[in-house]
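The values are calculated or read from the model by the stated rules, or taken from the named source; none is laboratory data. Here the structure is a predicted model, which is why all the values come from computation and not from measurement. With ideal geometry, Cβ positions are generated from the backbone for all residues, glycine too; neighbour counts draw on all protein chains shown. Just so you know, the surface numbers come from the protein's heavy atoms only, side chains and all, with ligands and any DNA or RNA stripped out. Shrake-Rupley method; radii C 1.70, N 1.55, O 1.52, S 1.80 Å.
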Amino acid sequence: MRHVRHLSQVAPQYTIEAEVVKSRHCNSGYKIGDKFIMDVDGNFISKLCPKRMCVYLISQLAIPVALINERLSEGLDPKQFHFMHYVRCPDVGVDCSGYGEVMLRVQVVSRQLK
């Protein structure tokens with residue numbers, strides 16, 4: 001209960017942003033600079049995300065979101081997680097007979113509370 005209580009107190013202060021930093025021949029059309037915006041529980045804020053959501057790319061966000069969520073529930077700085085700052089779609093790319101490839105940079109952004 002302590003974890004849930006602490007997370008509920010700090011959750012409104014942060015947003016998770018996953019920005020496309022590499023995109024080559026992406027079947028979904030993602031371009032460098034596209035952003036996926038989520039709350040700290042991993043819920044996409046759809047009006048702030050690309051219209052098309054690729055299950056293969058999006059599924060790669062499960063671990064970094066869980067790491068950020070756990071750090072928040074422990075009262076730690078959510079921006080200081082050590083692993084998974086970058087994730088890639090599992091497609092091997094056109095050079096290896098795949099469709100394409102996309103890489104996201106995952107970061108925690110402080111919200112301006114009004």
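Quick notes
- Members of region 1-46 that are among the hydroxyl-bearing types (Ser, Thr, Tyr) and in contact with a helix residue (DSSP H, G or I) (Cβ under 7 Å, 6 or more places away or on another chain): Tyr14
- Scanning region 1-27 for residues that are within 17 Å of the chain's Cα centre (by Cα), closer than 28 Å to Cys54 by Cβ and not in a strand (DSSP E or B) turns up just one, Ala11.
So that you can scan it fast, the table gives a plain yes or no per residue for (1) of a type outside the set (Asp, Glu); (2) over 27 Å from Val4 (Cα atoms); (3) open to solvent by 60 Å² or more (accessible area, probe 1.4 Å):
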residue	(1), (2), (3)
Ala66	yes, no, no
Leu72	yes, no, no
Gln80	yes, no, yes
Val92	yes, yes, yes
Val108	yes, no, no
Gln112	yes, no, yes
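- Qualifying positions in region 41-62 - in a helix (DSSP H, G or I) and either of a type in the set (Val, Ile, Thr) or in contact with an Asp or Glu (Cβ under 7 Å, 6 or more places away or on another chain) (or both): Val55, Tyr56, Ile58
- Candidate set from region 93-111 (those that are part of a loop (DSSP other than H, G, I, E, B) and more than 19 Å from the chain's Cα centre (by Cα)); member that is farthest from Asn27 (Cα to Cα): Ser97
- Among the candidates Tyr86, Tyr30, Tyr56, residue that is touching a residue at least 60 places away in the same chain (Cβ under 8 Å) and open to solvent by 60 Å² or more (accessible area, probe 1.4 Å): Tyr86
- Counting only residues that are under 16 Å from Val109 (Cβ atoms), charged (D, E, K, R) and assigned to a loop (DSSP other than H, G, I, E, B), region 67-92 holds 1 of them.
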